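Step one of this worksheet: look at the structure below.
Every number here is computed from the coordinates shown, using simple stated rules; none is lab data. Just so it is clear, the model here is predicted, and its values are computed rather than measured. No Cβ is skipped: glycine too gets one built from the backbone with ideal geometry, and neighbour counts run over all protein chains shown.
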Amino acid sequence: MISTAIRVARVGSAAELAAAALMMLGFPCLMLAALLPSVGAFAAAAAVTYLADHYLHRRGSYLVNRLSKVRAGLSIRFLVRQLLLVLLLARLDLSNSMVFYAAIACFLAFYGFQAPHSALVTLIRLRRKMPVATRNVDLASRVRIPDAPPRRLLNRAAEKMLHLDLVAVTGVLVTAATDTNVYGFAGIAVTLGLAFLYVVALVPYIRAGKTPPNAEKVLAAVDGWLREYRPETVLYFSGSKDSAYQVNMWLETMEQLDTRPLIILRERAVLDRMAPTTVPVICVPGGVHLMNMDLSTVRVALYAANVGKNIHLLRVPTMKHVFIGHGDSDKLASVNPFSKAYDEVWTAGRAGRDRYAIADVGVRDDDIAEVGRPQLAPIRTRQEAPDGLPGAAADGRCPTILYAPTWEGWDDNPGNTSILLAGENIVRRLVQADPPVRVLYKPHPFTGTRSAQAKAVHERIVALVAKAAAERAADPRFTGDAAARSAAVAELARIAARIERLTGVTESGDEAEATRDGMVDTAAHAEVARLRAEWNDAYWRSFPGAEHRVITGAEPRLYDCFNVSDAMVSDISSVVSDFIASGKPYAVTDSAELGAEEFKRQNTAVRAAVILSNSAAELDELLAGVADPSADTLAADRRELKRYLLGPDEPASIDQFNGAVRDLAKKARVRNQGQEAAASSAAAEPAGAVPGQRAATAGETGGAAVKG
């Protein structure tokens with residue numbers, strides 16, 4: 001019942017739902033207390049509405065944001081409370097007292113301060129908004145970017161300003177209860193004084209010395225930096241904040257390029273969610289600003305997603321444009337017809353090339369290059385399960401099976417995810433397996449965001465894993481070395497503290513300040529990468545090796561889960577293609593019930609998989625291959641499929657990728673030189689000559705005619 005109410009109200013937790021309910025009930029209680037009249041009841045109801053409102057704003061509740069759509073926004077709620085206080089005074093026969101008139105005057109003046117306050121806050125934010133936001137780009141030496149105003153002045157400014165009436169409301173209520181006017185006058189004076197001071201405190205930050213230079217100067221500074229840096233390869237990305245992972249997966253590859261890299265983003269929300277990198281980043285929200293930017297030295301542009309804003313860079317003819325995508329799978333997105341807009345499409349292996357040929361969407365075979373998947377370098381190949389008890393080792397470890405389903409997608413196609421029809425069956429069979437195995441459940445981050453049913457099943461799977469983990473904790477076979485785990489926990493805390501010291505910089509006041517100070521410390525960046533590897537190793541040692549776990553959040557990463565797993569169960573997605581790099585056994589669920597042969601025909605990545613029905617009865621075959629490698633009948637098929645999907649192991653994928661970048665850059669240079677030569681030739685020809693006349697004129701001038 002509560003979960004249904006939470007979903008309907010679009011709140012994030014039961015506490016949020018309770019606060020919203022208290023706030024909604026508080027205002028009718030305020031009116032009732034004013035009409036009775038009862039000062040004590042009014043004070044209690046007012047306190048509830050203040051606290052609930054404040055809590056919901058701090059949580060960024062969706063419900064509070066929607067109230068403004070039904071004429072119950074923040075300012076209206078405060079105004080209603082103040083009007084009800086005036087009603088309370090009238091019902092208490094205080095309408096002829098000086099406090100009554102002072103309260104009315106106070107609330108009118110208080111709202112009078114709202115206009116300049118709101119105008120100043122808006123003006124400051126507009127003046128400090130940069131036409132571009134950057135990271136690892138030295139603009140501070142080219143333009144002056146002053147410090148941002150203190151966060152306490154601008155962060156939730158409207159809420160802070162309105163809550164200043166609390167002093168006046170408290171003073172007037174005390175006066176109503178005690179008949180002593182001094183409390184009311186004192187509260188009114190403090191509220192108006194604080195409101196005045198808040199407005200005054202904002203005024204200095206609209207002066208020219210406190211705001212960044214105008215867009216023209218900033219863009220000129222960016223062009224100056226570009227001319228000096230001379231970028232050669234650009235990773236271009238546009239998308240929602242939730243798609244930031246699509247650019248994050250390419251950051252390490254961009255850092256390893258032999259050419260000078262640059263990342264261009266189009267949305268500030270993506271920049272905010274982008275992982276740290278040493279590569280220069282320029283976020284250009286405006287299409288006109290991007291099209292006027294000096295990118296004349298760029299020879300190769302890489303695109304990680306097919307989106308409409310790609311056209312703003314695709315229009316530039318001096319660079320070659322390549323679609324690299326953000327994963328390799330048999331989903332329809334992997335053969336999007338828009339891909340023919342690019343000069344080339346890069347795939348991991350032969351499978352990607354064949355996929356486009358079968359789809360027949362206009363991408364020519366000559367325009368496809370196989371470059372491997374550089375991101376898969378951290379994935380380790382298969383390691384044998386430890387010896388010991390049946391399925392368990394002396395340190396409590398046993399074979400690990402990763403269940404990493406994809407999310408439900410934007411439609412109700414039963415083949416989108418295994419969670420809905422098979423998820424509980426899969427996890428139940430795994431936690432009850434004999435010999436025992438450890439289960440890691442790592443759902444897609446979007447799971448349950450569209451489908452309430454998927455969210456409910458996910459929650460049941462989490463509960464199932466938690467119950468099985470509790471039962472296993474009581475089994476002495478799986479306890480492991482408690483002292484070693486304690487040492488690992490202490491090591492985790494030490495590493496986390498060190499990472500926090502290296503990355504825990506003071507939060508920038510706004511994007512202008514973040515642009516000025518956004519230069520990454522390369523030594524610290526490398527140190528953090530090393531520490532994260534140590535953290536990951538300590539994490540897996542910090543709990544028994546057979547403990548079932550639900551893995552969510554950024555750490556540990558999916559590939560870290562690959563490396564500690566002996567097999568995986570998943571759905572049709574790039575996760576399967578990536579796991580194939582490990583060479584380990586895997587199973588894929590045919591949730592749409594196409595049948596094993598048809599499922600394999602339609603989906604290349606499952607040709608070496610154990611195909612599961614929604615009952616998950618076929619899991620025994622997967623577990624048998626994990627327990628005894630000689631029973632793994634699909635090992636040879638996986639090796640062949642790995643090469644087909646991901647390309648050869650040698651040369652290394654990053655070397656293949658760098659080679660492809662170099663080759664395409666050479667093509668761009670040849671094309672540009674040809675255009676320059678053609679332009680020079682055309683400039684030397686008679687004005688108004690048509691192409692045939694130009695050829696004849698050239699032949700005549702040369703003194704010899706070419707005869708057929």
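Where Rh is the Kirkwood radius over the Cα pairs of the range 542-689, the temperature 4 °C and the viscosity 1.567 mPa s, what D in µm²/s does Stokes-Einstein return?
Roughly 67 µm²/s, to the nearest whole number.
To the nearest 10 degrees, how steeply does helix 522-541 sit against the main Cα axis of the chain, on a 0 to 90 scale?
Approximately 90 degrees, to the nearest ten.
From the P(r) of the range 230-376, can you give the percent of Cα pairs sitting at distances over 19 Å?
Result: 50 percent of Cα pairs exceed 19 Å.
What are the residues whose amide H is under 5 Å from the amide H of H321, where those residues sit 5 or more places off or on another chain and H is modelled from the backbone?
A301, D343, E344
Please list, by residue number, everything in the range 341-373 whose backbone N is under 12 Å from a paramagnetic label point 7 Å out along Cα→Cβ of N306.
341-342, 356, 359-363
On a 0 to 90 degree scale, rounded to 10, what angle separates helix 482-503 from the longest Cα axis of the chain?
With rounding to tens, the tilt is 80 degrees.
Student exercise: in the range 230-376, how many lysine pairs 8 or more apart or on different chains have Cα atoms under 21 Å apart?
Lysine pairs meeting the criterion: 5.
Give, as a single signed number, the net charge of other residues whose beta carbon lies under 15 Å from the beta carbon of Y198, with Lys and Arg counted +1 and Asp and Glu -1. List each step's numbers first, then the result.
Numbers: positive: R151, R152, R156, K160; negative: E159, D165.
So the environment of Y198 carries a net charge of +2.
Using amide H atoms built 1.01 Å from N in the peptide plane, name the residues 5+ places from V569, or on other chains, whose amide H lies under 5 Å from its own.
Residues meeting the amide H criterion: L402, Y403, A404, A587.
Please give the peptides 236-248, 437-449 ranked by average Cβ packing (other Cβ atoms within 10 Å per residue), highest first, as a rough proxy for protection.
437-449, 236-248
In a shell of Cβ-Cβ distance under 11 Å around S238, excluding S238 itself, what net charge do Lys and Arg (+1) and Asp and Glu (-1) give?
On the way: positive: R266, K309; negative: E267.
After counting each charged neighbour, the total is +1.
Taking the Cα centroid of the range 75-99 and of the range 218-295, what is the distance between the two, rounded to the nearest whole Å?
First find each Cα centre; the distance between them is then 55 Å.
Can you check what the net charge comes to around V427, using other residues whose Cβ is under 11 Å from the Cβ of V427 (Lys, Arg +1; Asp, Glu -1)?
+3
Apply the Karplus curve 6.51 cos²θ - 1.76 cosθ + 1.60, θ = phi - 60°, to the phi angles in the range 610-624 and return the couplings in whole Hz, x for Gly and Pro.
With the stated coefficients, the range 610-624 comes to 7, 8, 9, 7, 5, 7, 6, 5, 6, 4, 4, 5, 5, 5, 5 Hz.
Which order do the peptides 359-369, 251-261 come out in when sorted by mean C-beta neighbours inside 10 angstrom, highest first?
251-261, 359-369
When you count, for each residue, the other Cβ atoms within 10 Å and take the mean per peptide, how do 216-223, 178-185, 669-676 rank with the highest first?
216-223, 178-185, 669-676
So what's the back-of-envelope 222 nm ellipticity for the chain, counting only DSSP H runs of four-plus at -39500 (n - 2.57) apiece and dividing by all residues, rounded to 500?
-16000 deg cm²/dmol
Against the longest principal axis of the chain, how steep is helix 39-58, in degrees 0 to 90 to the nearest 10, with axes from Cα atoms?
Helix 39-58 sits at roughly 20 degrees to that axis.
Arrange the following residues from fewest to most other Cβ atoms within 10 Å of their Cβ: H321, H312.
Sorted ascending by nearby Cβ count, the order is H312, H321.
Percent of alpha carbon pairs in the chain separated by more than 41 Å?
So the pairs more than 41 Å apart make up 48 percent of the total in the chain.
For M519, what residues show an amide H to amide H distance below 5 Å, using hydrogens built from the backbone and excluding near sequence neighbours?
Here the answer is N136, since their amide H atoms fall under 5 Å of that of M519.
Checking the cross-link filter: which lysines have an alpha carbon closer than 23 Å to that of K467, excluding same-chain neighbours under 8 positions apart?
K442, K455
How large is the translational diffusion coefficient of the range 270-338 in µm² per second when you combine the Kirkwood radius over alpha carbon pairs with Stokes-Einstein at 37 °C and 0.692 mPa s?
Answer, rounded: 234 µm²/s.
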